[in-house]
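Comments concern the structure below.
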Amino acid sequence: MSIKVCNVSYVYHRDTPLETVSLRDVSFDVDPGEWIAVVGHTGSGKTTLAQMLNGLLFPTSGEVVVDGLKLYPKAPHLKSLRRKVGLVFQYPEHQLFAETVLDEMMYAPKNFGIPEDEARRNIEKTLELFDLDENVLSKNPFELSGGQRRKVALASIMVVEPDYLVLDEPTAGLDWKGREALFSILEDFRTKGTAIVQITHDIEMVLDHCDKLLVLENGRKKLWGTPAEAIEELAEKPVKGLVLPEVLEFAHSLRNAGLNVPLTWDEKSLLEAIEREVSSCIS
Amino acid sequence: MHFLEHLSLGQYVPAKSFIHSLDPRSKVLAVMFLITSVFLANTTLWPYVIWFVLIVIISSLSNISFKTVVTSTRPVLILIVFTLAINLFFADGRELFRIAFISITEEGLLTGIKMGLRLFYLVLFANITMMTTSPIELSDGIESLLSPFKRYGLPAHEFAMMMTIALRFIPTLLDETDRIMKAQLARGADLDSGGIIKRFKALIPVLVPLFVIVFQRAEELAVAMEARCYRGDYGRSRMRPLMWGVCDSLYLSAILFISASGVILDRWIL
Ligand SMILES: Nc1ncnc2c1ncn2[C@@H]1O[C@H](COP(=O)(O)OP(=O)(O)O)[C@@H](O)[C@H]1O
Ligand SMILES: [Mg+2]
């Protein structure tokens, strides 16, 4: 049970003057309950990759296999796979269309043929997770605040309880508070066993949460590993357009200057290491 | 869901070429000359060969392969075939052969081919022109060509501005449509099965967000234009004034000469 992405490449506008290669030979796996961060500069192919995990785009070469089933155009199992792999586009609130939040939340369950009473129960659970009030159900999505609209959009995807959740820049346009709220919701889902694939250009935001990082540069896999492994490499060989946390950059400079400190992005542990070093120098 | 996979009809392809570098006015006038002449010639098929060669030459001067130009006209091919068929089946004249109760006449065949070719050339040439002219240039060119009629009350500038905005937003809206469709597909939508009513109902979740976005964009654009003190044509200067060069005169004369000789050949010589 996992998503396997094997040697995937993707070309837009193939055989025309506008041909663009957006992914080249990318491979990685998503195991149940894992939190994967896909990081890269604008145009590095993150959105293209996200759409492939859900069978919205199909690889030009290579393959994507979800729970043992390969994705290809018009596959009979496409719909059930889309239920398994939830995909949250960037600015998901742009896809709201229904007159009430309830109709919006019922849309995916109806499409996937989930019985009404089960859908109802799921909606209640999901609302609770998202810290939304019951009476929001009768409201029109367009009269909610921006942050609440984003929550409703996310909830309307989560209500079918996918095993994998792919989010394309889910924090775009959110303030600090909204971001923290979103991360705590995602952590809740992870503890329930949902695998998360989070796409972002801001590596600092995901370091504390993810199990593994996939770094893309111009459509190529640049790096694949745990946050600790990744920052070790990134500090030595920066990737175009990826800004490392300041604390990490500082730790790296200290280390280059000969101090014995760990490469960390956590202020407190860096401070402690520096204090240790300084006091050992003095004594 | 893959309608962005192919180049759409008339999509601008940025590149450097002789045709790209021409003044939009000469290109627009050339299209008008060629189309007029194609519709004026109607006795023989010979001029159509000349025009075809001309179109192939122009496309080779535009740095876009002829194949690309032809494939992107695919959406109108059905219209062309339809035109051919109508003429083929419903013209009177000397019978060539019969298929069941339909008689195919020589006149019908000839008119059908000619009408089909005319349409095809029209689309082909307009397509090359659109592919090599950015939307902004195109509407600047049209504005400039229409400006003599301003004194008779024709709102040339407003017309061109509307065209620019529409052309500018077509790719954006196609992108948005693609995104929204994909987002709803990810939520299990079934966009391409069932009868007409079911399909239309399935489109509502795509159309509503699209309209919301269109209105939002329109409002943002209006505010942005107002914030930059847009007040129509009055006292407006241009970042890139149109420049008519020797090449433009040459190009236009060449097209005019060839188009005219096609018509003359057709009417008085052959
Ligand atoms: N619909 C499309 N048509 C043509 N090219 C595209 C399309 N979508 C993305 N691309 C191109 O593919 C590359 C990767 O894009 P994308 O996957 O959106 O990257 P990211 O999400 O990392 O910014 C870019 O060069 C982009 O221009
Ligand atoms: Mg993106």
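The packing ranking of peptides A:113-120, A:126-133, highest mean first, is A:126-133, A:113-120, where packing means the average number of other beta carbon atoms within 10 angstrom of each residue. Quick one: with all protein chains in place, what share of the accessible area of the range B:1-93 is carbon or sulfur, to the nearest percent (1.4 Å probe)? Carbon-and-sulfur percentage of accessible area, whole number: 74. With kT/(6 pi eta Rh) evaluated at 4 °C and eta = 1.567 mPa s, and Rh the Kirkwood radius from Cα pairs, the range B:3-269 diffuses with a coefficient of 59 µm²/s according to Stokes-Einstein.
Take every pair of alpha-carbon atoms less than 8 Å apart whose residues are at least six positions apart; their mean separation over the length of the range A:42-97 yields a relative contact order of 30 percent.
Take chain A with all the other protein chains still there, run a 1.4 Å probe, and you get 47 Å² of accessible area per residue.
Seen against the Cα atoms of chain A and their longest principal axis, helix A:146-158 is set at about 70 degrees. Between B:Ser147, B:Leu124, B:Ile99, the Cα set farthest toward the positive side of the dipole of the range B:99-154 (charges on each charged residue's Cβ, about the Cα centre) is that of B:Ser147.
Computed on protein heavy atoms with a 1.4 Å probe, the accessible areas place A:Cys6, B:Cys247, A:Cys281 in the order A:Cys281, B:Cys247, A:Cys6, largest first.
With every protein chain left in place, what is the accessible area of A:Glu267 in Å² (1.4 Å probe, nearest 10)? Surface open to solvent at A:Glu267 totals about 120 Å². For chain B, what is the calculated [θ] at 222 nm in deg cm²/dmol (nearest 500), taking -39500 (n - 2.57) for each run of four or more DSSP H residues and dividing by its residue count? Roughly -22500 deg cm²/dmol at 222 nm, from the helical runs in chain B. Measuring with a 1.4 angstrom probe and ignoring ligands and nucleic acids, A:Phe250 comes out at about 110 Å² accessible.
Per-residue mean of foreign Cβ neighbours for B:174-186 is 5 (Cβ atoms of other chains, 10 Å radius). Label zone of B:Leu79 (point 7 Å out along Cα→Cβ, amide N under 20 Å): in the range B:131-147 this covers B:131-133, B:135, B:139. Quick check on the range A:154-283: what does the Kirkwood estimate of hydrodynamic radius come out to from the alpha carbon pairs, in Å? The answer is 16.7 Å. Peptides B:159-172, A:143-156 ranked from most to least packed, by the mean per-residue count of other Cβ atoms within 10 Å: A:143-156, B:159-172. When Rg and the Kirkwood Rh are both derived from Cα coordinates, the Rg/Rh ratio for the protein assembly as shown amounts to 1.07. Shielding of peptide A:77-85 by partners, expressed as the average count of other chain Cβ atoms within 10 Å per residue Cβ, is 2.
Seen against the Cα atoms of chain A and their longest principal axis, helix A:227-236 is set at about 50 degrees. Using a cutoff of 8 angstrom between alpha carbon atoms and counting only pairs six or more residues apart, the relative contact order for chain A works out to 23 percent. The accessible-area loss of the range B:48-64 on complex formation, taken against its chain alone with a 1.4 Å probe, reaches 40 Å² or more at no residue. For chain A, take the longest principal axis of its alpha carbons; what is the angle in degrees between that and the long axis of helix A:267-282, to the nearest 10 within 0 to 90? With both axes taken from Cα atoms, the answer is about 10 degrees. Computed on the Cα atoms alone, the convex hull of chain A gives a volume of 147 cubic angstrom per residue.
Summing both sides, the accessible surface hidden between A and B at a 1.4 Å probe radius is close to 2400 Å².
Between A:Glu246 and A:Asp208, full extension at 0.36 nm per residue minus the direct alpha carbon distance yields a gain of 12.2 nm.
Just checking the listed ones, A:Leu248, A:Leu18, A:Leu263: in the Gaussian network model of chain A with Cα springs under 10 Å, the one fluctuating most is A:Leu18.
Express the accessible area of the range B:1-107 per residue in Å², computed with a 1.4 Å probe while the remaining protein chains stay in the model. That works out to 57 Å² for each residue. From the Kirkwood radius over Cα pairs of the range A:143-230, Stokes-Einstein at 20 °C and 1.002 mPa s returns a whole-number translational diffusion coefficient of 151 µm²/s.
Of the accessible area of the range A:233-283, computed with a 1.4 Å probe over protein heavy atoms only, carbon and sulfur atoms account for 55 percent. With a 1.4 Å probe and all protein chains kept in place, how much accessible area does B:Asp192 have, in Å² rounded to the nearest 10? So the heavy atoms of B:Asp192 present about 110 Å² to solvent. Cβ-Cβ distance of A:Ala257 and A:Glu187, R₀ of 35 Å, FRET efficiency by 1/(1 + (r/R0)^6): the value works out to about 0.45. Close amide H pairs (under 5 Å, H built 1.01 Å from N) link A:Val197 with A:Ile36, A:Leu165, A:Val166, A:Leu167, residues at least 5 positions away or on another chain.
Averaging Cα coordinates gives a centre for the range A:39-95 and one for the range B:40-78; these two points are 40 Å apart.
The values are calculated or read from the model by the stated rules, or taken from the named source; none is laboratory data. Given the structure is predicted, the values throughout are model-derived calculations rather than measurements. When we count neighbours, we look across all protein chains shown, and the Cβ atoms used for this are built from the backbone with ideal geometry, even at glycine. To get the accessible areas, we keep the full protein, side chains included, count just its heavy atoms, and leave off ligands, DNA and RNA. Shrake-Rupley method; radii C 1.70, N 1.55, O 1.52, S 1.80 Å.
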